[in-house]
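Contents: one structure, followed by commentary.
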Amino acid sequence: MRAIILMFDSLNRHMLSPYAADTIVQAPNFARLAAKATTFDNFYAGSMPCMPARREMHTGRYNFLHRSWGPLEPFDDSMPELLKQAGVHTHLVSDHPHYWEDGGATYHPRYSTWEFFRGQEGDPWKGVVEPAIDGGDWRSQMKRQDLINRSYMATEEEHSQTRTVDAGLHFLDVNKDADKWMLQIELFDPHEPFFTHEAYKAMYPHQYDGPEFDWPGYQKVSESPDQVEHARYEYAALVSMCDKSLGRILDAMDKDNLWEDTLLLVNTDHGFLLGEHGWWAKSVQPWFNELVHLPMFLWDPRTAGRDVRRGALAQTIDIAPTMLRYFGLEPTPDMQGQDLALVMEDDSAEVRDAALFGIHGGHVNVTDGRYVYMRAAADPGNAPLEDYTLMPTHMRSRFAVPELTDWQPAKPFGFTKGLRTMCVQARSFMNPWTHGTLLFDLENDPQQKNPLTDDETELRMLRLLVELMHANEAPASQFERLGLPAVGEPAGEHLLVRKQADRARLALEPLPALESLPGGGAALTVPVLELLQDPQARNVLERHLPDLVSTELVNLPAQLTLHQLAAVAAVPAAVLGPIAEALTAVPTA
């Protein structure tokens, strides 16, 4: 038995031809894959973003209700490690830099062997001292490092994506006659920034004479339509490069006839917004379908389903049980996912009634395949929020001393194998209360443009949500944060869609163009932190943005303008006009 996992990052389902007939993306190998495998039509993310999703791939269980971005915990079951212990050689090849940072450092040692290819995003790879950026925020420093990294990948052959696939193909060539191995080829692309070479950009000719723009921020769209279109083409070019990498894997499967006895699973962790819903990227806004309804393809030689589709509601947590069962091992008792072989043979089989998904500190979401319910915090403070961990690290840093000053030992959860974790008071960089609680009918509104206000449906979905939260041993703090009873069934008084409808409507409105605002938007181009030094300006901001406290503003870049603040912090478009009008009367330096 052999298996290959090919994983992409931020791959959009709605831009691939097996899922969308009118896509701009040229990706013939994804269509070729669909003809050779089973295409899943209702595959959803669970815990997000990058490393929480990978923790699900290892452990087969949700983690976002207990933990923000972080490493595998000592009590976590790891699918690659379980295979390794059972005599299956597991090999990871990747250019995903988060594996080698503080928040991901326990993942790659779970494999028998691994290789890492550097240079993606702001990976601190090549050391170039001059010219430095004096006082630049972390975004500026990341972009500077990314430009340095790109200079060392002048050709497609030198691109870290290409080198990662080269290494995967080398493993296949060396081990094509061996048995009992799993190869995981994991590509950072098409994650931002959308770095490709000219051959892929040339596939998408278009008129654009604006600034270089292949790295959108995690914020509302404030760019012009032609700049948005340009970013979409830059993303499409990178997906086409990913498609070529997929084709190289399919060629190897064909050449050595690996289809006879080698499982192939192709997946992603989440999608990426390219202007849909008026947003860029992910994490700071609600988890719309473009982000959580994922592409997923599976070839299983035991069932040999070619060019077929399956409609079962499946998730990332199902990957670990599927791989273990394929190699003859039983999933551990703590795994919540299911073996997808069940639906590979019979499309009428059911994996689950509902799927839970979300990010730590954000909306807690549930779908039954038709409706999606996004539960926001009950009050502006988005509290209490707690991290439960024995590995106190963030993405690129350890927990700071002030964060750990008041930690308390928590009672063991069922999945911590008797261990008491640290309970650390946490603070999220997103606030779901700002966006309100949302309910969508995907059958009649697949693009999620028209939120429902339907008390009966909300109550049904809310009870599904609470049932799944209990099944996941959600801490009491999560119920409190969401305004839900930790004991007993939720009732009508716990509904929030109607109560939060006005705020949700405002949050969904796109930002107006600068030129449409009083003074041509000039007042919005004054740095916010400078304005806060002026009592009159501060009074204007606090009057119109009462939920945006000064301690949050202090953590923002010093040169963040009000328009950028609106984009980053989801300031409702309706209040920008009054703020701009009021600020035009405020003298500024």
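The values are calculated or read from the model by the stated rules, or taken from the named source; none is laboratory data. All figures in this text were calculated on a predicted structure; none of them were measured in a lab. Reconstructed Cβ throughout: ideal geometry from the backbone, glycine too, with neighbour counts over all protein chains shown.
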Residue list for region 109-132, filter: touching a residue at least 24 places away in the same chain (Cβ under 8 Å) and of a type in the set (Asp, Glu):
GLU115, GLU121, ASP123
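May I ask you to verify whether LEU459 is surrounded by fewer than 21 Cβ atoms within 10 Å (Cβ to Cβ), outside the structural domain of GLN336 (by TED's automatic domain parsing), outside any loop (DSSP other than H, G, I, E, B) and touching a Leu at 6+ places or on another chain (Cβ under 9 Å)? Full working, then the answer.
Values: surrounded by fewer than 21 Cβ atoms within 10 Å (Cβ to Cβ): yes; outside the structural domain of GLN336 (by TED's automatic domain parsing): yes; outside any loop (DSSP other than H, G, I, E, B): yes; touching a Leu at 6+ places or on another chain (Cβ under 9 Å): yes.
Yes; evaluated as a whole, the condition is true for this residue.
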Return the residue satisfying two criteria in turn: it lies in region 85-107 and is surrounded by fewer than 18 Cβ atoms within 10 Å (Cβ to Cβ) and touching a strand residue (DSSP E or B) at 6+ places or on another chain (Cβ under 9 Å), and of such residues it is nearest to PHE195 (Cα to Cα).
TRP100
Which of the residues spanning region 440-455 are surrounded by fewer than 23 Cβ atoms within 10 Å (Cβ to Cβ) and hydrophobic (A, V, I, L, M, F, W, C)?
LEU442, LEU452
Only one of MET203, MET241, MET153 is over 30 Å from SER516 (Cα atoms) and assigned to a helix (DSSP H, G or I). Can you tell me which?
MET241
Failed item, numbered, when THR303 is tested on (1) within 17 Å of LEU356 (Cβ to Cβ); (2) assigned to a loop (DSSP other than H, G, I, E, B):
(1)
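Does GLY119 satisfy the criteria of being in a loop (DSSP other than H, G, I, E, B) and farther than 24 Å from LEU238 by Cβ? Outline the logic, then answer.
Numbers: in a loop (DSSP other than H, G, I, E, B): yes; farther than 24 Å from LEU238 by Cβ: no.
No: the conditions fail for GLY119.
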Matching residues in region 194-227 (surrounded by 18 or more Cβ atoms within 10 Å (Cβ to Cβ) and touching a strand residue (DSSP E or B) at 6+ places or on another chain (Cβ under 8 Å)) number 5
Only residues that are under 19 Å from TRP433 (Cβ atoms) and either charged (D, E, K, R) or in a loop (DSSP other than H, G, I, E, B) (or both): list them for region 486-501, please.
PRO490, GLU493, LEU495, LEU496, VAL497, ARG498, LYS499, GLN500
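Quick one: count up the residues across region 96-106 that are touching a His at 6+ places or on another chain (Cβ under 7 Å) and either closer than 15 Å to ASP146 by Cβ or of a type outside the set (Asp, Glu) (or both). Give the derivation first.
So the first thing to find is which residues in region 96-106 are touching a His at 6+ places or on another chain (Cβ under 7 Å), and the list is 99, 102-104.
Add one more test, that the residue is either closer than 15 Å to ASP146 by Cβ or of a type outside the set (Asp, Glu) (or both), and what stays is 99, 103-104.
Of the residues in that region, 3 qualify.
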Of the residues in region 313-337, those that are within 22 Å of the chain's Cα centre (by Cα) and over 17 Å from ARG54 (Cβ atoms) come to LEU313, ALA314
Answer yes if at least one residue in region 270-293 is surrounded by 18 or more Cβ atoms within 10 Å (Cβ to Cβ), more than 30 Å from LEU508 (Cβ to Cβ) and more than 14 Å from the chain's Cα centre (by Cα), and no otherwise.
no
Please work out if MET430 is surrounded by fewer than 16 Cβ atoms within 10 Å (Cβ to Cβ), among the hydrophobic types (A, V, I, L, M, F, W, C), in the same structural domain as GLY488 (by TED's automatic domain parsing) and touching a residue at least 60 places away in the same chain (Cβ under 8 Å).
no
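Would you point out which residue out of LEU264, LEU274, LEU294 is closer than 16 Å to ALA45 by Cα and either among the aliphatic types (A, V, I, L, M) or not assigned by TED's automatic domain parsing to the domain that holds ILE185 (or both)?
Details: LEU264 fails: closer than 16 Å to ALA45 by Cα; LEU274 fails: closer than 16 Å to ALA45 by Cα.
When all the criteria are applied, what remains is LEU294.
Could you list, in sequence order, the residues of region 6-41 that are assigned to a helix (DSSP H, G or I), of a type in the set (Gly, Ala, Ser) and crowded, with 17+ Cβ neighbours inside 10 Å?
ALA34
Tell me which residues, restricted to region 312-337, are part of a loop (DSSP other than H, G, I, E, B) and in contact with a strand residue (DSSP E or B) (Cβ under 8 Å, 6 or more places away or on another chain). Step through it out loud before you land on a result.
The initial filter retains those residues of region 312-337 that are part of a loop (DSSP other than H, G, I, E, B), namely 312-313, 327-337.
Residues satisfying the conditions are ALA312, LEU313, PHE327, GLY337.
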With respect to SER68, determine if the residue is among the hydroxyl-bearing types (Ser, Thr, Tyr), farther than 25 Å from LEU342 by Cβ and assigned by TED's automatic domain parsing to the domain that holds CYS242.
yes
Given (1) without any contact (Cβ under 8 Å) to a residue 60 or more places away in the chain; (2) closer than 21 Å to LYS143 by Cα, number of the condition VAL221 does not satisfy:
(1)
For region 288-302, how many residues are closer than 12 Å to ASP269 by Cβ and either touching a helix residue (DSSP H, G or I) at 6+ places or on another chain (Cβ under 6 Å) or of a type outside the set (A, V, I, L, M) (or both)?
2
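Criterion first (assigned to a helix (DSSP H, G or I) and in the same structural domain as GLY328 (by TED's automatic domain parsing)) does HIS58 satisfy it? Before you say what the answer is, go through the steps one by one.
Details: assigned to a helix (DSSP H, G or I): yes; in the same structural domain as GLY328 (by TED's automatic domain parsing): yes.
When the stated conditions are applied, HIS58 passes them.
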What number of residues within region 263-297 are closer than 18 Å to SER17 by Cβ and in a strand (DSSP E or B)?
7
State the number of residues belonging to region 36-60 that are closer than 15 Å to PHE415 by Cβ and in contact with a helix residue (DSSP H, G or I) (Cβ under 6 Å, 6 or more places away or on another chain).
5
